[in-house]
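Presented below is the structure to which this report refers.
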Amino acid sequence: MTDRRGFLFQAGAALAASALPRASFAQTFPTKPIKVIVPFPAGGPADSAVRIVQVGIEKALGQPLIVENVGGAAGQVGAMRLKQAEPDGYTLLQAASPHTTNAAVKPDANVDLLRDFAPIGETGNSVYALCASKQLGVKTFAEMVTLAKAKPGELKIGSVGIGSAHHLIDEMLKGAAGIDLTHVPYRGEAPSIIDLVAGRIDLMFLTTAKPLIDEDRVVGLGVTSAEEWFNLPGIKPLTQLGLKDFVVPGWNGLLAPKGTPPAVVARLSGALSATLRTDAAIRAFNAMGFKPGPGTPDAMTRQIESDMRLFTTVIRERNLKFDG
């Protein structure tokens, strides 16, 4: 009996001792610079969002944030880099909504946002605006639907690539409005905007619609937010134009590797959410057409789960097939 008690005491002491370095690490974190992998080109929305919060997080944590752009494979190269990193909070990923699209399109891929990573918090939230070419001759969403039904398959809608968020939202539109549109994939928004303005395509969901609408180069027909978007006044949400529950936000946010100590995640999230509430961050996000995100793990987890439900449902209901 004595031997058994001694064994249990020694085992408990060993377990407690092994936990001490981890707890101590979390309490002193961070003691060196933190790297943030942005898996998209410099100057894009995800990159801009993390740079908006960079200074505030650095002040809160007392360590530099080093931003490294690692593009490729629609964000998957950077995501794999994080998956292979130590779960110590010193390497983070600035993820974005295309990551959930990738996961829905390729469920057997090597990266799963919730299985492989620990959410820290969304940095920014945006919206998609359905825009029409001026040459199409419509001024409202209802007029577009009427024209599309009169000319099934003749209207062309662009996307930033097969299997992209734009593509899946296009398919949502076709199903919800009961119209047949021809999908025209592009490599990014920039070339698609050129063709939309020129009238070579008729429709496009854009994340950078405001200057085009303000300059009367395209017609804004509706937005994918639940309510009217703050910088696109007068353009109604599609969910108010007859498309029930047609709400698709754009977002970006920070992730850490799975297994990162909860205290470290909480420290990072606290610094992020405090920065997002500052007037400087709000002004900077609003200037790029975004709203600051909540910056909390729970909200980001819910957003990722919501995206996955939405996009997997679209793929199933529209019977979409993707090669590779």
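The values are calculated or read from the model by the stated rules, or taken from the named source; none is laboratory data. What you see is a predicted model, and the numbers here were worked out from it, not measured in a lab. Every residue, glycine among them, receives a Cβ derived from its backbone with ideal geometry; neighbour counts consider all protein chains shown.
Per the listing Ser18, Ser24, Ser48, the residue uniquely at pLDDT 90 or above, out of contact with any strand residue (DSSP E or B) (no Cβ under 7 Å at 6 or more places or on another chain) and assigned to a helix (DSSP H, G or I) is Ser48. Might you check whether a residue that is surrounded by 15 or more Cβ atoms within 10 Å (Cβ to Cβ) and within 30 Å of Pro233 (Cβ to Cβ) occurs anywhere in segment 66-78? Within segment 66-78 (the criterion being surrounded by 15 or more Cβ atoms within 10 Å (Cβ to Cβ) and within 30 Å of Pro233 (Cβ to Cβ)), the answer is no, since none of the residues qualifies. Being surrounded by fewer than 23 Cβ atoms within 10 Å (Cβ to Cβ) and out of contact with any Ser or Thr (no Cβ under 6 Å at 6 or more places or on another chain) holds for only one residue in Lys174, Lys156, and it is Lys174. Can you pull out every residue in segment 266-282 that is surrounded by fewer than 21 Cβ atoms within 10 Å (Cβ to Cβ) and of a type outside the set (Ser, Thr, Tyr)? Passing the criteria: Ala266, Arg267, Gly270, Ala274, Arg277, Asp279, Ala280, Ile282. Counting only helices (runs of 4 or more DSSP H) wholly contained in segment 252-324, no element carries 2 or more residues that are of a type in the set (Asp, Glu) and closer than 21 Å to Phe230 by Cα. Taking the criterion of being at pLDDT 95 or above and over 15 Å from Ala49 (Cβ atoms), the residues of segment 89-115 that qualify are Gly89, Tyr90, Thr91.
If you go through segment 275-296 and pick out every residue that is among the aromatic types (Phe, Trp, Tyr) and farther than 12 Å from Arg51 by Cβ, you end up with 1.
Residues are listed down the side, and each one gets a yes or a no for (1) in contact with a helix residue (DSSP H, G or I) (Cβ under 7 Å, 6 or more places away or on another chain); (2) outside any helix (DSSP H, G or I); (3) in contact (Cβ under 8 Å) with a residue 40 or more places away in the chain; (4) over 20 Å from Lys236 (Cβ atoms):
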{"position": "Asn125", "(1), (2), (3), (4)": "no, yes, yes, no"}
{"position": "Ala142", "(1), (2), (3), (4)": "no, no, yes, no"}
{"position": "Thr146", "(1), (2), (3), (4)": "no, no, no, no"}
{"position": "Ile162", "(1), (2), (3), (4)": "no, yes, yes, yes"}
{"position": "Ile169", "(1), (2), (3), (4)": "no, no, yes, no"}
{"position": "Lys174", "(1), (2), (3), (4)": "no, no, yes, no"}
{"position": "Asp180", "(1), (2), (3), (4)": "yes, yes, no, yes"}
{"position": "Ala190", "(1), (2), (3), (4)": "no, no, no, yes"}
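Within the option set Arg217, Arg283, being over 27 Å from Leu113 (Cβ atoms) and either among the aliphatic types (A, V, I, L, M) or assigned by TED's automatic domain parsing to the domain that holds Ile157 (or both) holds for one residue only, Arg217. Only residues that are touching a Gly at 6+ places or on another chain (Cβ under 8 Å) and without any contact (Cβ under 8 Å) to a residue 40 or more places away in the chain were counted in segment 192-215, giving 2.
Considering segment 200-211, and only residues there that are over 17 Å from the mean Cα position of the chain (by Cα) and at pLDDT 95 or above, the residue that is surrounded by the fewest Cβ atoms within 10 Å (Cβ to Cβ) turns out to be Arg200. For Leu196, the requirement of being in contact with a strand residue (DSSP E or B) (Cβ under 7 Å, 6 or more places away or on another chain) and not in a strand (DSSP E or B) is met.
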